[in-house]
Every structure is written in structure tokens, then in C-alpha cells.
1. Tell me, yes or no, whether the stretch 111-118 has at least one residue that is surrounded by 12 or more Cβ atoms within 10 Å (Cβ to Cβ), part of a loop (DSSP other than H, G, I, E, B) and at pLDDT 85 or above.
2. For LYS121, all conditions in the list (1) over 14 Å from ASN34 (Cα atoms); (2) more than 13 Å from the chain's Cα centre (by Cα) hold save one; what is the number of the exception?
3. Quick check on VAL65: is it touching a residue at least 40 places away in the same chain (Cβ under 8 Å) and loosely packed, with under 13 Cβ neighbours inside 10 Å?
4. How about the stretch 37-79: which of its residues are within 15 Å of LEU114 (Cβ to Cβ), among the charged types (D, E, K, R) and part of a strand (DSSP E or B)?
5. Count, please, the residues in the stretch 1-53 that happen to be at pLDDT below 60 and touching a strand residue (DSSP E or B) at 6+ places or on another chain (Cβ under 7 Å).
6. Would you mention how many residues in the stretch 74-93 are surrounded by 15 or more Cβ atoms within 10 Å (Cβ to Cβ) and among the small types (Gly, Ala, Ser)?
7. May I ask you to list the residues in the stretch 82-95 that are modelled with pLDDT of 90 or more and of a type in the set (Val, Ile, Thr)?
8. Just checking, how many residues over the stretch 80-109 are within 24 Å of PHE120 (Cα to Cα) and in a loop (DSSP other than H, G, I, E, B)?
Amino acid sequence: MILNNQSNAEPSISNRVIYRVMFDESIVGDWEINGRKVNFLFDTGTIKTFNARQIWDECKTTEYVLKPLSNILETCVGGLVNVIGKGKCNVKINNFEDEIDVIVVDQLVNACLLGLDVAFKVLDVRSA
């Protein structure tokens, strides 16, 4: 019989990520997008990473092109967000640097929503 939901099972990467953010790290921070410092909110409910159009426009380079999309997403609280497109950018946070896919939307409360797609790649978070 297992009490208090305790077991010897290895916690999943997603559980380690969520635990690390909740107890060891802040859910807000700064990272670099194409060499520019930008504020982000880590959202454990977001699978993909999102950038606001303003951030895309400020950080874009000729190397990365926005592929236009025309969709509307509904947020977890029922708000609607206009999807502008999909692109790639280079990001750097702590010891992690990589080219990632981002979804660009018309407006966000935060400059960027850091999704689980990137969080799972960050060794500092994965190894928690």
C-alpha cells in the first residue's frame, strides 16, 4: 500500500520542470532573442513558445522570416488572441542557446510566453 502518493518512480520531465519553476526559480525572467534582452513569463500550460508581434518586430533579423498564419486562439480564461504567424529565432537563457520555433501573436500581456517546448530543452530545468 502506498501512502501520501509516494512511490519510487522517477518524476517525469514535466513534473521536474514544474517543480523547479514553482520552488526554485521565478516564472518571470529575461532571456535573449536574436541578441536582444526580452522579458518572458514561463507558462507551464503552454506547449509552444509565443512572442508578441512587437517583440518579433523589435528582434527580427533578415535570417528569420515570419510565415503568415491567420488563426484565433482561445486562452485558458476565454480571451481571444490573433495569431500573426510562425517563425524561428535564436534564444539564450542561462547556459542554453538554440534556434527555436515561435508563434507570433498580435498582443500578449507579457512580451513572451516561454512554453514547455523550450523548458524541456533547458538543462538547468530538466536536471532539477
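The values are calculated or read from the model by the stated rules, or taken from the named source; none is laboratory data. Only a predicted model underlies this, so the values are computations on that prediction, with no experimental measurement involved. Virtual Cβ from ideal backbone geometry, glycine too; neighbours counted across all protein chains shown.
1. Within the stretch 111-118, one or more residues are surrounded by 12 or more Cβ atoms within 10 Å (Cβ to Cβ), part of a loop (DSSP other than H, G, I, E, B) and at pLDDT 85 or above.
2. (2)
3. Taking the combined requirement at face value, the residue does not satisfy it.
4. LYS37
5. The total comes to 1.
6. 2
7. Listed by number, the residues that qualify are VAL83, ILE84, VAL91.
8. The qualifying residues number 4.
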